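Report on one structure; see the data block that follows.
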Amino acid sequence: MLRVIMRATMKHAEILVIGQGAAGLCAAISAKEAADEAAVPVKVTLVDAQSDQQCGGNTRWSPSNIRLKVDHQVEPGFVNAMLEQSGGRAEAAYFEQIASQSVELVKWLESMGVQFQSPPYYLARGPARIQPIGGGASLLKHLTARAVELGVQLVHELRMTDLQVEAGRVVGMSGRTPDQTVVALHADAVVLGCGGFEGNARMLAEHLGQAAAGFRLISPGTAHNDGAGMLAALAIGAQTAGDFSGAHAEPIDARSQQSAPVVLIYPYGVVVNALGQRFFDEGAGLMHETWEQFAHDMQFNCPGGTAYVITDASLRDIPDYQRAIRSEQPPIEASSLEEMAGLLGLPQDTLLQTVKTFNAACRPSSQGFDATVTDGLACYPANQPPKTNWALALQRPPFLAWPLVGALVYTLGGLKTDLHARVLGPQGPITGLYAAGEITGHFYGLAPNSVAMLRALIYGRIAGRRAFEDLEESKMS
């Protein structure tokens, strides 16, 4: 087998960035900008396992929602909300740094041509957020253009397999091309921005349980996040952080093969499993507070990993209800629940009894119903889970339904890093190794809404600049 070795022959330093998503691009750009500002010659190489048309992992397919207000600051109480969501396990300083750098981050991105908008938030109200116009694909386009302008070298179709270490310092990586040629790249510092392990069935089964290996993935790019960078870092002693038993997942239309065909009207109807039975409180909270647990319940607890949301015609009374449906597939429509049971392949008697019991527990009128907030319109059906909000009887045909499955978006467990994005080993920072984005830990329990992209951008930028600064400091010591 051919082995190609590429080592530094020039006098300037080299920084290697793995992953051409948001975190990796920010790292490469900030490293090169820092070097240029200091008038120091540094070669920055950005490596991705995919082609130039498929690179970018989740970023390419993501709407890239960012949890910031229109003034580009976090909302008051942001850090406390992150700590509360994590059950007290998250590091406050990690999120405090996000809060302190958000305004400068947006200015930096805007200087590269990225434009932002404030997207509507499905139906219910949620945290303030902004979004790059054109989503993740547009973000990749602008960041890649800036990287190329700065002279960052792009290398595609090289899948990382190992980190190279000499005298306790990371000095490069090894990888394979599609034809299995082994390539070794030398560097004075390596930044990992190559995603989590949601595309690795073996790691999913190991950390989340065997059923997780069968998760649908939210987008084509999600499959490219195979944990390779994480495994390489762990092999040289990197420590871990974050919730390895957790992963962000969302309910999608089981019929669709498109990217992220989410169906988020389930709080306003009844959700049943393949046995025709309700199994969770559809109205337990705002959509972004329940969708992850719902998606996990389907994958791990529902027969066949599938559930069905059923509503009546009152769904169409909700203004702009289509905003909460991103599937191209039309709803399954029936004039009666008996017909709906047949169309969905559900046991008719059980479904009819489920809905009858649910309806009997609902209030006789819809007064007080408000899809945009937790309205307190609750019901407590006998031998069924309660429905804490938005509890309306299903009685007005036509009835509408969507078959749903959970789709995996990203994993929560990852590498342990400090506030300088340095990867930590048992004795402290591993010299020459940095990481940002989904490959790092810091998230616990449920994924915080619209924070994954924000932290990838901020800590990617920190990682690249710090990699350069540490190289400069080492020359002077």
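Conditions tested, residue by residue: (1) β-branched (Val, Ile, Thr); (2) part of a helix (DSSP H, G or I).
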site: 70; (1), (2): yes, no
site: 74; (1), (2): yes, no
site: 80; (1), (2): no, yes
site: 84; (1), (2): no, yes
site: 90; (1), (2): no, no
site: 94; (1), (2): no, yes
site: 98; (1), (2): yes, yes
site: 102; (1), (2): no, yes
site: 106; (1), (2): yes, yes
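Can you tell me how many residues within region 50-70 are open to solvent by 40 Å² or more (accessible area, probe 1.4 Å) and touching a residue at least 24 places away in the same chain (Cβ under 8 Å)?
8
Which count do you get for residues in region 411-434 that are of a type in the set (Ser, Thr, Tyr) and more than 20 Å from residue 166 (Cβ to Cβ)?
Residues that pass the stated criteria total 2.
Go through region 435-451 and give me each residue that's under 29 Å from residue 166 (Cα atoms) and either open to solvent by less than 10 Å² (accessible area, probe 1.4 Å) or in contact with a Leu (Cβ under 6 Å, 6 or more places away or on another chain) (or both).
Of everything in region 435-451, those that are under 29 Å from residue 166 (Cα atoms) and either open to solvent by less than 10 Å² (accessible area, probe 1.4 Å) or in contact with a Leu (Cβ under 6 Å, 6 or more places away or on another chain) (or both) turn out to be 435, 436, 437, 439, 440, 441.
Does residue 89 satisfy the condition of being closer than 22 Å to residue 191 by Cα, among the basic types (Lys, Arg) and modelled with pLDDT of 95 or more?
no
Identify, from the list 160, 173, the residue that is more than 23 Å from the chain's Cα centre (by Cα), in contact (Cβ under 8 Å) with a residue 40 or more places away in the chain and open to solvent by less than 30 Å² (accessible area, probe 1.4 Å).
Matching residue, one of 160, 173: 173.
Quick grid of which residues meet (1) under 33 Å from the mean Cα position of the chain (by Cα); (2) hydrophobic (A, V, I, L, M, F, W, C):
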| site | (1), (2) |
| --- | --- |
| 336 | no, no |
| 361 | no, yes |
| 369 | yes, yes |
| 374 | yes, no |
| 383 | no, no |
| 389 | yes, no |
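Of all residues in region 287-330, how many are of a type outside the set (A, V, I, L, M, F, W, C), in a loop (DSSP other than H, G, I, E, B) and either more than 20 Å from residue 276 (Cβ to Cβ) or open to solvent by less than 20 Å² (accessible area, probe 1.4 Å) (or both)?
8
If you check residue 40 against the conditions, is it part of a helix (DSSP H, G or I), open to solvent by less than 30 Å² (accessible area, probe 1.4 Å) and over 30 Å from residue 374 (Cα atoms)?
no
Can you tell me which residue among 446, 433 is over 25 Å from residue 69 (Cα atoms), in contact (Cβ under 8 Å) with a residue 24 or more places away in the chain and either part of a loop (DSSP other than H, G, I, E, B) or aliphatic (A, V, I, L, M) (or both)?
433 is the lone residue from the list that is over 25 Å from residue 69 (Cα atoms), in contact (Cβ under 8 Å) with a residue 24 or more places away in the chain and either part of a loop (DSSP other than H, G, I, E, B) or aliphatic (A, V, I, L, M) (or both).
State which residue pairs qualify: first residue free of Cβ contacts under 8 Å to residues at least 40 places away in the same chain and inside region 184-206, second residue among the charged types (D, E, K, R) in any location, beta carbons under 6 Å apart, and separation of 6 or more residues or different chains.
Going by the 6 Å Cβ cut-off, the qualifying pairs are 199/226; 200/226.
From (1) open to solvent by 20 Å² or more (accessible area, probe 1.4 Å); (2) at pLDDT 95 or above; (3) of a type outside the set (Asp, Glu), pick out the condition that doesn't hold for residue 454.
Of everything listed in (1) open to solvent by 20 Å² or more (accessible area, probe 1.4 Å); (2) at pLDDT 95 or above; (3) of a type outside the set (Asp, Glu), residue 454 misses just condition (1).
Looking only at residues in region 71-107 that are among the aromatic types (Phe, Trp, Tyr) and under 30 Å from residue 223 (Cα atoms), which one is surrounded by the fewest Cβ atoms within 10 Å (Cβ to Cβ)?
Selected residue: 94.
Quick one: residue 272 ticks every box in (1) assigned to a strand (DSSP E or B); (2) under 25 Å from residue 136 (Cβ atoms) bar one, so which box is it?
Tallying (1) assigned to a strand (DSSP E or B); (2) under 25 Å from residue 136 (Cβ atoms), residue 272 fails exactly one: (2).
Can you give me the number of residues within region 341-397 that are buried (at least 17 other Cβ atoms within 10 Å of the Cβ), of a type in the set (Val, Ile, Thr) and in a helix (DSSP H, G or I)?
Of the residues in region 341-397, 2 are buried (at least 17 other Cβ atoms within 10 Å of the Cβ), of a type in the set (Val, Ile, Thr) and in a helix (DSSP H, G or I).
Of all residues in region 409-424, how many are in a strand (DSSP E or B), open to solvent by 10 Å² or more (accessible area, probe 1.4 Å) and of a type outside the set (Ser, Thr, Tyr)?
Count: 3.
In the list 143, 208, 204, which residue meets the criterion of being crowded, with 24+ Cβ neighbours inside 10 Å, at pLDDT 95 or above and more than 30 Å from residue 117 (Cβ to Cβ)?
Unique residue meeting the criteria: 208.
Show the residue pairs meeting these rules: Cβ distance below 7 Å; 6+ apart or different chains; first residue within region 355-370 and at negative phi; second residue in a helix (DSSP H, G or I) and surrounded by fewer than 13 Cβ atoms within 10 Å (Cβ to Cβ).
none
Test residue 404 against the stated conditions and say whether it is under 20 Å from residue 264 (Cβ atoms), assigned to a loop (DSSP other than H, G, I, E, B) and either of a type in the set (D, E, K, R) or at pLDDT 95 or above (or both).
Against the criterion (under 20 Å from residue 264 (Cβ atoms), assigned to a loop (DSSP other than H, G, I, E, B) and either of a type in the set (D, E, K, R) or at pLDDT 95 or above (or both)), residue 404 does not qualify.
The values are calculated or read from the model by the stated rules, or taken from the named source; none is laboratory data. Just so you know, these numbers come straight off a predicted model, no measurement behind them. Reconstructed Cβ throughout: ideal geometry from the backbone, glycine too, with neighbour counts over all protein chains shown. Protein only, heavy atoms only, side chains kept; ligands, DNA and RNA dropped before computing areas. Shrake-Rupley method; radii C 1.70, N 1.55, O 1.52, S 1.80 Å.
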